[in-house]
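Have a look at the structure below, then the notes.
Please treat every number below as a calculation from the coordinates, not as lab data. Note that the structure is predicted; figures quoted are calculated from it, not measured. Here Cβ is always computed from backbone atoms with ideal geometry, including for glycine, and neighbour counts include all displayed protein chains.
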Amino acid sequence: MSRSSTRSDVPKRATDRVDEHVEQAIREFPEIDPSVEAIVSRIDKLSRYLNKSMSESLARHELTEGEYKVLVKLRLAGDPQRLSPGELSEMLMLSTGAMTNRLDRLEERDLVVRKPDPHDRRGILVELTSSGRELLAAAVREQAAKEIRLVEVLDGDERERTNELLRKLLIHFEELMGPPPRHREQE
């Protein structure tokens, strides 16, 4: 007596919108590798969800992505959490004019302050204020909690394995293509 592979006790594999997309794509473009199309499409969709989540968190704290990045760079600079406008421009790959505009907005909100550089009479340093630290910490806490919820479907071993595979892909991408292109910031 043979058992059918369509038994009702065999769990059905979960599907998502990408499965339908891949099915349609390979029907129209048979040269596409379905497993590669599925990986690339899922990474793209996950990236969009992460960007949406971050945008919502930043909006709740009245920050643009660009302003957030400046605050993060200052915080990660270590004590006393200050950098020159030129260093910030270079790190964030922005023109000095764009950085000046960004710093003006942050300074108006008392999130950063410009101070004379004690080692260069002509230099200026940008320093994170206590208000800037508090706002950044609140935004980071909110987003970190969201990110935990977003990946809680994976257990510890799955998270570790996912990280290993994504690291392997990222290293390969960097070897093939160099540094990642900058994505367009919405300000």
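Some observations on this one:
- Between the stretch 70-104 and the stretch 108-177, the Cα center-to-center distance that results, in Å: 14 Å
- CD proxy at 222 nm, helix term only [per DSSP H run n ≥ 4: -39500 (n - 2.57); per residue of the chain; nearest 500]: -20500 deg cm²/dmol
- Cross-link pairs Lys12/Lys52; Lys69/Lys146; Lys45/Lys146; Lys52/Lys73; Lys45/Lys168 - those with Cα-Cα distance over 24 Å: Lys12/Lys52
- For the stretch 53-161, with +1 on Lys and Arg beta carbons and -1 on Asp and Glu, the positive-most of Val113, Leu136, His61 along the dipole: Val113
- Among 145-158, 65-78, sorting by the average number of other beta carbon atoms lying within 10 angstrom of each residue, highest first, gives 65-78, 145-158.
- For the chain, a crude dipole built from +1 on the beta carbon of Lys and Arg and -1 on the beta carbon of Asp and Glu, taken about the Cα centre, is about 260 debye to the nearest 20.
- Nearest 10 degrees, 0 to 90: helix 65-76 Cα axis against the chain principal axis: 70 degrees
- Taking label positions 7 Å along the Cα-Cβ direction at both Ser47 and Lys115, the computed distance is 3.9 nm, reported to one decimal.
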